[in-house]
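K.L.:
Take this structure, written in C-alpha cells, and hold onto it; I'll ask about it next.
The values are calculated or read from the model by the stated rules, or taken from the named source; none is laboratory data. Note that the coordinates shown come from a computational prediction; the quantities given were computed from them, not determined experimentally. Cβ coordinates were reconstructed from backbone atoms using ideal geometry, including for glycine residues, and neighbour counts include every protein chain displayed. Note: areas computed on protein heavy atoms with side chains; ligands, DNA, RNA excluded. Shrake-Rupley method; radii C 1.70, N 1.55, O 1.52, S 1.80 Å.
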Amino acid sequence: MKDKRDLFGRLLSQVKESTSGPGSREEKLLAVCQMLRDQVRHYHWVGFYLVGESKEDLILGPYVGEPTRHTKISFGHGVCGMAAEKRRTLMVPDVSKVRNYLSCSPKVQSEIVVPIFKDGAIVGELDIDSHAAAAFKGQDRVFLEEVCEELASLF
Ligand code: SME
C-alpha cells in the first residue's frame, strides 16, 4: 500500500512537470500515457478519448498499447461513453459482466475511465485497461482523478 502511495506521489509530480513544460497537448498526453504504462505494472493500455465537436461523442486521442478499433465512441456507449454521460469515474472489476462493454482486446479483464473536466464541462477521459481482474482500487481512482485535474490545464 505504502509503495503504491509513494509511486503515485512520484508519478503525480512527473505529470505536473510534464504539463507545465514545453510541447503540444498531444505530446504531453502521450508522455503521460507512456509514464503511466511504463511505471504501473497493472496498467496495460493507457489512452485518452477527447470530446468531439458535437459534444456527443469521444474521439480516440494519444494512447499506448494495442491498437483499438474504437476510435469514435458515442456518449452512453461502452464504459467510456457511460462515464461521459454520467460525468463520473467508472471502475469495472470484470469487463465480462458489462453488457455495454466495447472490447479492444480479449486480454483485458478490468478497466477504469476517469473524466477530465474544464470549467465544469467534460473535455476528455483517461481510459486504462488491465489484464488483471479487479486491478483498480480506490487508491488508483484517487490518483488518476488527481492526474486528470492536473491535465485539465491543457484544455
Ligand atoms: N473498453 C472501452 C473502449 C475503449 S478500449 O478499451 C480502448 C469501452 O467499453 O468504452
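K.L.:
Counting only helical runs of four or more DSSP H residues, what would the 222 nm mean residue ellipticity of the chain come to if each run contributes -39,500 (n - 2.57) and the total is spread over all its residues?
P.N.:
So the helix-based figure for the chain works out to -12000 deg cm²/dmol.
K.L.:
Only Cα pairs under 8 Å and at least 6 apart count here; give the relative contact order of the chain as a rounded whole percent.
P.N.:
Rounded, it is 22 percent for the chain.
K.L.:
May I pose another question? Rolling a 1.4 angstrom probe over the protein chains, ignoring ligands and nucleic acids, what is the accessible area of SER96 in square angstrom, nearest 10?
P.N.:
100
K.L.:
Here is a follow-up. Give, as a single signed number, the net charge of other residues whose beta carbon lies under 13 Å from the beta carbon of TYR101, with Lys and Arg counted +1 and Asp and Glu -1.
P.N.:
Details: positive: LYS97, ARG99; negative: ASP94, GLU111, ASP127, ASP129.
Cβ neighbours under 13 Å give a net charge of -2.
K.L.:
What number comes out for accessible area per residue over the chain if the probe is 1.4 Å? Units Å², please.
P.N.:
52
K.L.:
Still on this structure: In Å, what Rg and Dmax follow from the Cα atoms of segment 1-69?
P.N.:
Using the Cα atoms of segment 1-69, the pair Rg, Dmax is 13.7, 43 Å.
K.L.:
Could you compute the net charge surrounding ASP119? Neighbours are other residues with a C-beta less than 15 Å from the C-beta of ASP119; K and R count +1, D and E count -1.
P.N.:
Working: positive: LYS55, ARG87, LYS118; negative: GLU149.
Its environment carries a net charge of +2.
K.L.:
Continuing with this model, one more query. Given the convex hull over the Cα atoms of segment 2-154, what projected area results after averaging over all orientations, in nm²?
P.N.:
8.3
K.L.:
So, one more: Could you count how many Lys pairs in the chain have their Cα atoms under 15 Å apart, skipping same-chain pairs fewer than 8 positions apart?
P.N.:
Lysine pairs, 8 or more places apart or on different chains, close enough: 7.
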